[in-house]
Amino acid sequence: LINSFGTTNVNWVNFANNGVGVQSAKSSQLSLASVQIGASTNYAVSSTDDSTIAISKSILAGNGALGGGTILVKADALGTFQSLISGNTITDANGVALQYQTAVSGIGASLATTVQSNTFTAAHGGSAVIAAAWNGPASLLVANNTFTAYGAGMTGVLINDTSATQALSTQINNNSMTFQSGASQGTGVSIIAAGTSQVAVAQNTIDFKAV
């Protein structure tokens, strides 16, 4: 548990059989590099109101309770929150592999995130692989990732910004998404914006194998 730290760097550590692998709140910067997190009964990483979070070159597999997920980045207060998720291998069978959300007390918070060069494997039917349920200004870049989905009704990237007064900027580029034979009724990308939005979706490969 990391609470209100300045800068925390965690490198080359194996976390196994915990409730939450790494839980952090209100820190200036959290950096996880080359870590392994497995068999957590809750999230592998739970970040609340951390100004900056970076996860790179790590393996996260077999985490989360049913309907939960692997990584949760949450705004519980106003502020500007940045994240970089890069070069990881993330396997999730229970919920959303990577999730961004605002609590009621975090409405209006600002999000800037880059998700790039990761390998996602997910299998919870009806869930998104990456989901952002945000209420505030948001900028998201999702690029050069590989998605493999095994559950019915899954979505590769789901973004829902419910702010009617703040802008959403999204780029989803050069990703490869494969919905396997059991992943019927899948959706590659879904973007919903209540306010002004700038959206670019380009050069993605989406392969639906289900009949």
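The values are calculated or read from the model by the stated rules, or taken from the named source; none is laboratory data. No experiment lies behind these values; they were computed from the predicted model shown. Virtual Cβ from ideal backbone geometry, glycine too; neighbours counted across all protein chains shown. Calculation scope for accessible area: heavy atoms of the full protein, side chains included, ligands and nucleic acids excluded. Shrake-Rupley method; radii C 1.70, N 1.55, O 1.52, S 1.80 Å.
Numbers below:
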{"item": "Residues of type lysines that residue 26 reaches as a straight line, Cα spacing below 20 Å, ignoring anything fewer than 8 places off in the same chain", "result": "74"}
{"item": "Inverse mean reciprocal Cα-Cα distance (Kirkwood Rh) of the stretch 172-211, Å", "result": "11.7 Å"}
{"item": "For the stretch 187-199, 3J(HN,Hα) per residue [Karplus equation, 6.51 cos²θ - 1.76 cosθ + 1.60, θ = phi - 60°, Hz, x = Gly/Pro]", "result": "10, x, 9, 10, 10, 10, 9, 7, x, 5, 9, 10, 10"}
{"item": "Kirkwood Rh (inverse of mean 1/r, distinct Cα pairs), the chain, angstrom", "result": "16.8 Å"}
{"item": "Sequence of 57, 74, 209 from largest to smallest accessible area, 1.4 Å probe", "result": "57, 209, 74"}
{"item": "Positive-end residue of 46, 122, 16, charge dipole of the chain with Cβ unit charges", "result": "16"}
{"item": "Å² of accessible area per residue within the chain, as computed with a 1.4 Å probe and no ligands counted", "result": "42 Å²"}
{"item": "Using θ = phi - 60° and Karplus 6.51 cos²θ - 1.76 cosθ + 1.60, couplings along the stretch 85-102 (whole Hz; Gly, Pro as x)", "result": "10, 9, x, 9, 10, 10, 10, 9, 10, 10, x, 9, 5, 9, 10, 10, 7, 10"}
{"item": "³J(HN,Hα), Karplus 6.51/-1.76/1.60, whole Hz, each residue of the stretch 56-73, x for Gly, Pro", "result": "9, 6, 10, 10, 10, 8, x, 10, x, 7, 4, x, x, x, 9, 10, 10, 10"}
{"item": "Built amide H within the under 5 Å cut-off of residue 201, gap 5+", "result": "172"}
{"item": "Leading residue at positive end of dipole, the chain (Cβ point charges), from 137, 28, 102", "result": "28"}
{"item": "Gained length - residue 198 relative to residue 12, 0.36 nm times residue gap less alpha-carbon distance", "result": "63.2 nm"}
{"item": "Amide proton proximity set for residue 69, modelled H, under 5 Å, gap of 5+", "result": "96"}
{"item": "Residues whose placed amide H lies under 5 Å from that of residue 26, excluding near-sequence neighbours", "result": "4, 48, 49, 50"}
{"item": "Apportionment of accessible area to carbon and sulfur, the stretch 1-137, percent (1.4 Å)", "result": "51 percent"}
{"item": "Cβ charges +1 (Lys, Arg) and -1 (Asp, Glu), total dipole of the chain, debye", "result": "160 debye"}
{"item": "Antiparallel DSSP beta bridges within the chain, percent to nearest 5", "result": "0 percent"}
{"item": "Cα→Cβ-extended label distance, 7 Å offset, between residue 66 and residue 205, nm", "result": "3.6 nm"}
